[in-house]
Amino acid sequence: MTSGRARTDPVQDVVIVGGGATGLAAAHALAREQARVTLLEAQPQVGGNLRTLRDGPWQIEQGPNTVIMKPPLYALLAELDLLDEARVADPASRKRFVALAGRPVALPSNIANAVTNPLLGWRGWSGILREPFVRRSTAADESLADFVQRRLGRRVLDRLVDPFVSGVYAGDPARLLARAAMPRLVALEQAYGSLIRGGLMRLLPGRAKSTPAVPRAWRGRLLSFDGGLQRLAERLQSAITAQRHADIVCECRIERIERTSDGIWQLTDATGRRWAARRLVLSVPAHVAASLLAPIDTTLAEALSEIVYPPVSIVALGFRQADIAHPLDGFGLLLPRAEGRETLGTLFPSSLFPGRAPPGHHLLNVFLGGRQSPDTARGDDAQQVARATTDLRDLLGIAGPPVWQRVVRWPQAIPQYEIGHLERLARIDAALTAHEGLSLAGNWRDGIAVGDCLENGRQLGEALAAAMRSRGRAP
Ligand SMILES: Cc1cc2nc3c(=O)[nH]c(=O)nc-3n(C[C@H](O)[C@H](O)[C@H](O)COP(=O)(O)OP(=O)(O)OC[C@H]3O[C@@H](n4cnc5c(N)ncnc54)[C@H](O)[C@@H]3O)c2cc1C
């Protein structure tokens, strides 16, 4: 979507650079408040990581596959009139597999099968039973691996947390900062002295967090749309551009940012087009913000450029159902590093939602790369497919060749909240105070989940609209 309006308006209230979940949600909140806002996006379409690809009967997510239904997302979907189109993942998705000695083992779903589950074994259980007696730590920069090993033991770290962290962050628990990557776990330790005690206390009557805004059938469920998650970005786009003072310009890669002596932010894109605004939001990856801000503030740029984004590639493969021994009755299969495999894990998208594969077939998304094995995300498509099919053959008993394939590459995929992250964010926030009218947002702070990005973007947009109102300027 392009429009000439932005070029004829001399100075916008707000210009947002980056039309992923964060930027779209911020623009939507501002547009709803009648602010004059322009969103500039480098790609031909908005959505950022939210990218769905349709190829005949196959439909794959190139980025996130599902979002978790929480109250802010429910409110947004209701406002966008999207609840009717939302699809809750098949209940089988609650089942998750972890590889153990080359075989998929379902994670325990209740206490009875947890006792006999081979993933935990007696060593896992001895760590869990000891947990309520482990003392609190005061170390502010404890890694996630140290935190989990200290509280729950090595077995839980290796067999449960390591594969989970690969699945969510494509990260390394020994480098991730516990307080930033899993703040809720650390908060339980701090509040109750124990994760188990804290978890049980929260189940007591009156203690459970009430979420009245979300009907029970939706609460905490994973969801997508028939047209994939890109539908959410498209709907936000149409809601934004439906507002008279709001505009979205795609294929607009901002390359230069300057601030005039009277405090106006001026932006120039790769083709020389220019925009001006009183307030500027950069909702781009941290390394992009770093290079845009380097000529203005080296301290800010340096802190932003320290945030690591390892590469990830996704090998999407279609197989005939008859060629797959495993029933694929779950969300996917995660691989602990100790299994010595080249892939991080595999999602079963066609088991979650209809319309992802033709009848009699299955779609599998295999993840490679990440912080612990970045090299496996590199190499040509044939190498990537070979790595993926080897692991699928061994772990899921897939006999025949893929009947459809696609390799998606993210050279800089997911920001890592590593040791030093919170101190880095504090440095960024301190440096920002010297730049009136500049806001930085995105998944490199305050949560990487799509739902977190949407909510953080909304809050930023509303805060900017309120600040403008209090200064007596439109909206
Ligand atoms: C492979 C993968 C799988 C994931 N799976 C899940 C999942 O299942 N569930 C989940 O909740 N989350 C998942 N995530 C995380 C989630 O998708 C992201 O954290 C979130 O979508 C990021 O949104 P954002 O707006 O902060 O950033 P982005 O989506 O990165 O948006 C930034 C935007 O800025 C634009 N841009 C960059 N430079 C410029 C420039 N110079 N000028 C103009 N525009 C520019 C980009 O084109 C992009 O559109 C996944 C992420 C990846 C990569």
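The values are calculated or read from the model by the stated rules, or taken from the named source; none is laboratory data. All values reported here derive from a predicted model rather than from experimental measurement. All Cβ positions, even for glycine, are placed from backbone atoms using ideal geometry, and neighbour counts span all protein chains on display. When the accessible area is computed, the model is the full protein with side chains, heavy atoms only, and any ligands, DNA or RNA have been set aside. Shrake-Rupley method; radii C 1.70, N 1.55, O 1.52, S 1.80 Å.
Of all residues in region 429-453, those satisfying the criterion of being surrounded by 22 or more Cβ atoms within 10 Å (Cβ to Cβ) and touching a residue at least 24 places away in the same chain (Cβ under 8 Å) are Leu440, Ala441, Gly442, Asn443, Trp444, Val450, Cys453. The residues of region 142-171 that are open to solvent by 20 Å² or more (accessible area, probe 1.4 Å) and within 22 Å of the chain's Cα centre (by Cα), listed by number, are Leu160, Val161, Phe164, Gly167, Val168.
Against the list (1) farther than 30 Å from Tyr309 by Cα; (2) out of contact with any Leu (no Cβ under 7 Å at 6 or more places or on another chain); (3) surrounded by fewer than 17 Cβ atoms within 10 Å (Cβ to Cβ), the condition Leu83 fails is (2). Just one of the numbered conditions (1) open to solvent by 60 Å² or more (accessible area, probe 1.4 Å); (2) farther than 30 Å from Ala277 by Cα; (3) at pLDDT 95 or above is not true of Leu129: (3).
Consider Ile240 carefully, then state whether it is buried (at least 20 other Cβ atoms within 10 Å of the Cβ) and part of a helix (DSSP H, G or I). So Ile240 fits the description; yes. Taking the numbered list (1) open to solvent by less than 60 Å² (accessible area, probe 1.4 Å); (2) in contact with a Leu (Cβ under 8 Å, 6 or more places away or on another chain); (3) within 16 Å of the ligand (Cβ to nearest atom) in turn, Ala246 passes all entries but (3). Residues being near the ligand (Cβ under 10 Å from one of its atoms), of a type in the set (S, T, N, Q) and either more than 30 Å from Ser350 (Cα to Cα) or open to solvent by 10 Å² or more (accessible area, probe 1.4 Å) (or both): count how many of those fall in region 274-322. Residues in region 274-322 being near the ligand (Cβ under 10 Å from one of its atoms), of a type in the set (S, T, N, Q) and either more than 30 Å from Ser350 (Cα to Cα) or open to solvent by 10 Å² or more (accessible area, probe 1.4 Å) (or both): 2 in total. Annotation: of all residues in region 32-57 being open to solvent by less than 30 Å² (accessible area, probe 1.4 Å) and among the polar types (S, T, N, Q), the one that is nearest to Met468 (Cα to Cα) is Thr38. Within the bounds of region 2-16, is there any residue that is modelled with pLDDT of 95 or more and either closer than 30 Å to Arg356 by Cα or touching a Pro at 6+ places or on another chain (Cβ under 6 Å) (or both)? Checked against the condition, which is being modelled with pLDDT of 95 or more and either closer than 30 Å to Arg356 by Cα or touching a Pro at 6+ places or on another chain (Cβ under 6 Å) (or both), region 2-16 yields no hits at all.
Wholly within region 1-115, which helices (runs of 4 or more DSSP H) include no fewer than the required count, namely at least 3 residues that are in contact with a strand residue (DSSP E or B) (Cβ under 7 Å, 6 or more places away or on another chain) and touching a residue at least 40 places away in the same chain (Cβ under 8 Å)?
Values: elements: 5-8, 21-32, 71-79.
Helices (runs of 4 or more DSSP H) meeting the threshold: 21-32.
Residue selection: Val37 satisfies the criterion of being away from the ligand (no atom under 11 Å from the Cβ), in contact with a helix residue (DSSP H, G or I) (Cβ under 8 Å, 6 or more places away or on another chain) and of a type in the set (A, V, I, L, M, F, W, C). If you check Arg445 against the conditions, is it over 10 Å from the mean Cα position of the chain (by Cα) and under 19 Å from Ala286 (Cα atoms)? Spelling it out, Arg445 is indeed over 10 Å from the mean Cα position of the chain (by Cα) and under 19 Å from Ala286 (Cα atoms). Tallying residues that are surrounded by 16 or more Cβ atoms within 10 Å (Cβ to Cβ) and either at pLDDT 95 or above or closer than 30 Å to Arg393 by Cα (or both) within region 109-126 yields 4.
In region 58-80, the qualifying residues are those that are β-branched (Val, Ile, Thr) and open to solvent by 20 Å² or more (accessible area, probe 1.4 Å), and the one that is farthest from the ligand (Cβ to nearest atom) is Ile68.
For region 344-383, a residue qualifies if it is hydrophobic (A, V, I, L, M, F, W, C) and open to solvent by 30 Å² or more (accessible area, probe 1.4 Å), and the qualifying residues are Phe367, Ala382. Scanning region 414-442 for residues that are within 15 Å of Leu280 (Cα to Cα), over 17 Å from the mean Cα position of the chain (by Cα) and small (Gly, Ala, Ser) yields a count of 3.
Of all residues in region 386-406, those satisfying the criterion of being of a type in the set (Val, Ile, Thr) and buried (at least 19 other Cβ atoms within 10 Å of the Cβ) are Thr389, Ile398. Quick one: is Arg273 over 15 Å from Gln12 (Cβ atoms) and either in contact (Cβ under 8 Å) with a residue 24 or more places away in the chain or among the hydrophobic types (A, V, I, L, M, F, W, C) (or both)? Against the criterion (over 15 Å from Gln12 (Cβ atoms) and either in contact (Cβ under 8 Å) with a residue 24 or more places away in the chain or among the hydrophobic types (A, V, I, L, M, F, W, C) (or both)), Arg273 does not qualify. Considering every residue within region 407-421, establish whether at least one is more than 23 Å from Gly345 (Cα to Cα) and open to solvent by less than 40 Å² (accessible area, probe 1.4 Å). Checked against the condition, which is being more than 23 Å from Gly345 (Cα to Cα) and open to solvent by less than 40 Å² (accessible area, probe 1.4 Å), region 407-421 yields at least one hit. Entry remark, region 427-475: residues being polar (S, T, N, Q) and within 21 Å of Leu236 (Cβ to Cβ) number 4 in total.
Okay, residues lined up against (1) more than 16 Å from the ligand (Cβ to nearest atom); (2) of a type in the set (D, E, K, R):
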{"residue": "Asp391", "(1), (2)": "yes, yes"}
{"residue": "Val403", "(1), (2)": "yes, no"}
{"residue": "Val407", "(1), (2)": "no, no"}
{"residue": "Pro411", "(1), (2)": "no, no"}
{"residue": "Gln416", "(1), (2)": "no, no"}
{"residue": "Gly420", "(1), (2)": "yes, no"}
{"residue": "Leu438", "(1), (2)": "no, no"}
{"residue": "Gly442", "(1), (2)": "no, no"}
